[in-house]
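The values are calculated or read from the model by the stated rules, or taken from the named source; none is laboratory data. Values in this document were obtained by computation on a predicted structure and should not be read as measured data. All Cβ positions, glycine included, derive from the backbone under ideal geometry; neighbour counts span all protein chains shown. For the accessible areas, the whole protein counts, side chains as well, though only heavy atoms, and no ligand, DNA or RNA atoms are used. Shrake-Rupley method; radii C 1.70, N 1.55, O 1.52, S 1.80 Å.
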Amino acid sequence: FFFVFFQCSVRGMEYVEDSIHLLRDSVMRMDMYDWAAWLGLFYVVYKQIVTENRVTFEAHNPVREHKDRVMTGVFYVPFVSLATFRVVNVMRLFLMIMIFQGMGEYIQIMFLDRNNKKNPKPYQFSAMDRIVQFLSLLPSVGFFFSFTLATTLLYMTIFFIIVIYLLILIFSPQRKKVEMKEFYKIALYWFGIMWIAWPLSHAIIVLVSMKIDGVPYGRIMLVMVLLISWTSDVAGFYVGKKCGNTKAMPHISPNKSVEGFIAQVVLGLSAGMGFCFAQSCGVTFLPPMAWFHYLFIGLAVPVFGAIGDTVESFIKRMGGVKDSGIFFPGHGGILDRFDAFLLACPVVFYYALYFITDGPASLY
């Protein structure tokens, strides 16, 4: 519809009929899988509009939390798989929603009122907060076209944050005195961009342009990383909950245990070798990689995923919150669900780019 509006404004109303026919033909070519993917995205957008994705301070009911975890997985695992394989544009938009909402969760954690946790009030986003959320989408848009453009937009995003924030400080009539702590927010905004928006944007370039010997395998690579990340994270959660006696980092996250981390690594390696075995048995949609590449991916995803999980737990501990949000019932917020993926995706991307593919020349 935006395309129709744009063309009408440029070429006049005579373009309306052709544009409507083009839109109608595109809709008529959609099969039930396409409709299912778009309806799933509309549900995600609807949740974003009607759900107040706020941080939480208290633990949830374990029985209800387990039920919500299962129901969330029943919807999102098929939806992400379907969108990745069948409707790439749906997956692109879904990832951009995750970036936008993830930055919102991060901003709430860093800037909320820590003196009112017993009766917390919803965080009131400032104009600068919203501007940073929208600016965080620029690198992901750049990845639609080229790695160079995405890098350029990343630098522009960092520069725009400085300029816009300083302009707000200078021309704000409510500020009589500017303190040094106001400039700390710039560094916090930057950290959010580099920790959330930039790594998660790599999923888009993996999705649209990762090729091995000229054949696109980005979609299955992305699904592999997501499945290994989520399943190993779930394995670490339940094993650590049932058998976790040796605390890994009690000063950061009391629930993290050595047993849970071992379960993550074991399941990640098992999943990686399982994909390798399936590819050797003739499953053609899996990338034709040597066994040690599958082994590395199966090891790197849970290891760097655990590091990403620890970083998110550390930030939540500083903010004094239990969950970063309520976007995924039973799992928490977007940062709670994608914390492992934030570091695992760029690591797998750059490893595949320089050790599996033909390098940056193979992109796009």
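Here the 3J(HN,Hα) profile of the range 77-87, calculated from phi with Karplus coefficients 6.51, -1.76 and 1.60 at θ = phi - 60°, is 5, x, 5, 5, 5, 5, 5, 5, 8, 10, 10 Hz, Gly and Pro shown as x. Applying 0.36 nm per residue to the separation of S126 and T151 and subtracting their alpha-carbon distance, the gain on full extension is 6.3 nm.
By the scheme Lys and Arg +1, Asp and Glu -1, what is the net charge of all other residues having a beta-carbon under 12 Å from that of P302?
On the way: positive: none; negative: D233, D309.
Charge balance near P302 sits at -2.
Using the Cα coordinates of the range 200-324, the gyration tensor eigenvalues translate into equivalent-ellipsoid semi-axes of 31, 18, 9 Å, sorted from longest to shortest.
Ligands, DNA and RNA left out, the 1.4 Å accessible surface of the range 31-363 is 68% carbon and sulfur atoms. Annotation: per residue accessible area for the range 31-363 equals 48 Å², rounded to a whole number [probe 1.4 Å, protein chains only]. Mind grabbing the base-10 log of I(q)/I(0) for the chain at q = 0.07, 0.11 Å⁻¹? Debye formula, identical points on the C-alpha positions, no solvent, two decimal places. Each listed q maps to, in turn, -0.34, -0.84. Once the chain from Y184 to W35 is taken as fully extended at 0.36 nm per residue, the excess over their C-alpha distance is 49.1 nm.
Between K211 and Y217, the built amide H atoms are under 5 Å apart, and every one of these is 5 or more places off in sequence or on another chain. Annotation: Y217 carries an accessible surface of approximately 30 Å², with a 1.4 Å probe and no ligand, DNA or RNA atoms counted.
Using just its DSSP H runs of length 4 or more, each adding -39500 (n - 2.57), the chain gives a mean residue ellipticity at 222 nm of -23000 deg cm²/dmol after division by all residues.
A Cβ-based charge dipole, computed about the Cα centre of the chain with Lys and Arg at +1 and Asp and Glu at -1, lands at about 1140 debye.
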